[in-house]
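The values are calculated or read from the model by the stated rules, or taken from the named source; none is laboratory data. Please read all numbers here as calculations on a predicted model, not as lab measurements. As a convention, Cβ positions derive from the backbone with ideal geometry for all residues, glycine included, and neighbour counts pool all protein chains shown.
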Amino acid sequence: MLRRLLLNPRVTLGVAAAAAFILGTLYVVAPAAALEPYGFDKPEEVWIRLVGVLALAIGVLHTAGTIANERWYYVATVVERVLAGLVQVILAITIGPWQLAAFGSLDLVSAAWTALALKASGADQVTEDVATGS
């Protein structure tokens, strides 16, 4: 039963939506509380709050995706999270603070979880779809 639950694409995207809502809310309301534990300086500029609004929007979209339960949307989120994760890791390695790699890793792990869930749910074409972005 637990395996079936953990390999349900709706569950994986629901967890990603919940994380986006939690982080988005923290970035808007209390950005220091969200970032200082990871070693970031206390944010003084407005940009982190705008990132929070974007995270909340992603949470809304992912929630709608879980309700619609459309395979194409799950595949699109896998591609989106892989790209976002890779960009964050690359930025951490090249010019950004190392902590970005932690955020990027979470995106990569959640994308892999959804891809595995799609594969387990009988979506035989998920590997090809993710590779081609369709």
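When each of 58, 22 is tested for being over 16 Å from residue 100 (Cα atoms), surrounded by 12 or more Cβ atoms within 10 Å (Cβ to Cβ) and either among the aromatic types (Phe, Trp, Tyr) or in contact (Cβ under 8 Å) with a residue 24 or more places away in the chain (or both), the lone residue that passes is 58.
Which condition number in (1) closer than 25 Å to residue 40 by Cα; (2) modelled with pLDDT of 95 or more is the one that residue 98 fails? Single failed check for residue 98: (2). Taken over region 104-116, the criterion of being in contact (Cβ under 8 Å) with a residue 40 or more places away in the chain and either under 23 Å from residue 34 (Cβ atoms) or in contact with a Phe, Trp or Tyr (Cβ under 8 Å, 6 or more places away or on another chain) (or both) is satisfied by 106, 110, 113, 114. Can you name the residue in region 32-49 that is more than 17 Å from residue 97 (Cα to Cα) and at pLDDT 95 or above and, of all such residues, is surrounded by the fewest Cβ atoms within 10 Å (Cβ to Cβ)? So, considering only residues that are more than 17 Å from residue 97 (Cα to Cα) and at pLDDT 95 or above, the one surrounded by the fewest Cβ atoms within 10 Å (Cβ to Cβ) is 46.
Rundown of residues vs (1) closer than 30 Å to residue 8 by Cα; (2) more than 12 Å from the chain's Cα centre (by Cα); (3) acidic (Asp, Glu), yes/no style:
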{"position": "42", "(1), (2), (3)": "no, yes, no"}
{"position": "58", "(1), (2), (3)": "yes, no, no"}
{"position": "69", "(1), (2), (3)": "yes, yes, no"}
{"position": "79", "(1), (2), (3)": "yes, no, no"}
{"position": "91", "(1), (2), (3)": "no, yes, no"}
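Of the residues that make up region 98-112, is at least one under 26 Å from residue 2 (Cα atoms) and loosely packed, with under 13 Cβ neighbours inside 10 Å? The answer is yes, given that some residue of region 98-112 is under 26 Å from residue 2 (Cα atoms) and loosely packed, with under 13 Cβ neighbours inside 10 Å.
Every residue, every condition in (1) modelled with pLDDT under 95; (2) out of contact with any Leu (no Cβ under 8 Å at 6 or more places or on another chain); (3) not aromatic (Phe, Trp, Tyr), yes or no:
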{"position": "52", "(1), (2), (3)": "no, no, yes"}
{"position": "62", "(1), (2), (3)": "no, no, yes"}
{"position": "65", "(1), (2), (3)": "no, no, yes"}
{"position": "93", "(1), (2), (3)": "no, yes, yes"}
{"position": "110", "(1), (2), (3)": "no, yes, yes"}
{"position": "116", "(1), (2), (3)": "no, no, yes"}
{"position": "123", "(1), (2), (3)": "yes, yes, yes"}
{"position": "134", "(1), (2), (3)": "yes, yes, yes"}
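Once region 11-25 is narrowed to residues that are under 14 Å from the mean Cα position of the chain (by Cα) and not small (Gly, Ala, Ser), the residue that is nearest to residue 50 (Cα to Cα) is 23. When region 77-99 is examined, which residues are found to be free of Cβ contacts under 8 Å to residues at least 40 places away in the same chain and closer than 22 Å to residue 62 by Cα? Across region 77-99, the qualifying residues are 80, 83, 84, 85, 86, 87, 88.
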